[in-house]
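One structure is given below, encoded as structure tokens.
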Amino acid sequence: VVQILELAGLRKNSAATVRERVVIPDLLRETVAATAQETRAARCEVCLDLSSDLPAAVGDAPALRRVFQNLITNAAKHGGQGGWIGISGARIAPNGAALIEIRVADRGPGIPQAELPRLFEPFFRGAAAQARQIRGAGLGLSLVKEIVEAHGGTVSVENNPGGGAVFVVRLPAAEE
């Protein structure tokens, strides 16, 4: 119910309403600590690799924390058998504009190719999640997408050739 209300609120107010400076390395460290119970239960080692020049973002810190909490707990639930979750962050400038790129990767089985296009749809749950009866309503990734886009960013997913999935979040960097 909380996730449905949150999704409805995000759709009603398409832009992030809180606009504060968010120190991304601090936010990621806090999020890793907040998800430690889930990652330990999945027997996952969490590796945090953040570039020293990772800039801040502007936005709603609790909403952004929710994005990364969701991605980390999903990696533990769905890719946990790989025993590893990697979170990396770097500053990139693909078209001259400074962006923050955060990657959340696991070494699990990956995501079936046919499911990738639907992954961010509300209420979509993959066949493996249904078969293994992994709890969830299929709203987490749609919330991730709504929050990231409300911050002017993008989120995508791909499979690693060696196994596992990688979620890539790109957010505009705050001006220095």
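All of the numbers you see were taken from the coordinates with simple rules; none came from a lab. Computed from a predicted model, the values in this text were never measured in an experiment. Cβ placement follows ideal geometry from the backbone for every residue including glycine, while neighbour counts extend to all protein chains displayed.
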Inset, instruction - Calculate, for residue 34 and residue 168, the FRET efficiency according to 1/(1 + (r/R0)^6) with r their C-beta to C-beta distance and R0 30 Å; round to the nearest 0.05. - result: 0.90
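Once you order the gyration tensor axes a ≥ b ≥ c over the Cα atoms, which shape class does the stretch 45-127 get: rounded for a/c under 1.5, otherwise prolate or oblate by comparing a/b with b/c? List each step's numbers first, then the result.
Numbers: a/c = 1.83, a/b = 1.50, b/c = 1.22.
Here the stretch 45-127 falls in the prolate category.
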Legend entry - Whole-number Å³ per residue for the convex hull built on Cα positions in the stretch 40-93: 96
Legend entry - Protection-proxy order for peptides 75-84, 31-40, each taking the mean of Cβ atoms within 10 Å per residue, highest first: 75-84, 31-40
Legend entry - Packing rank of 162-171, 140-149, where each peptide gets the mean count of other beta carbons within 10 Å, highest leading: 140-149, 162-171
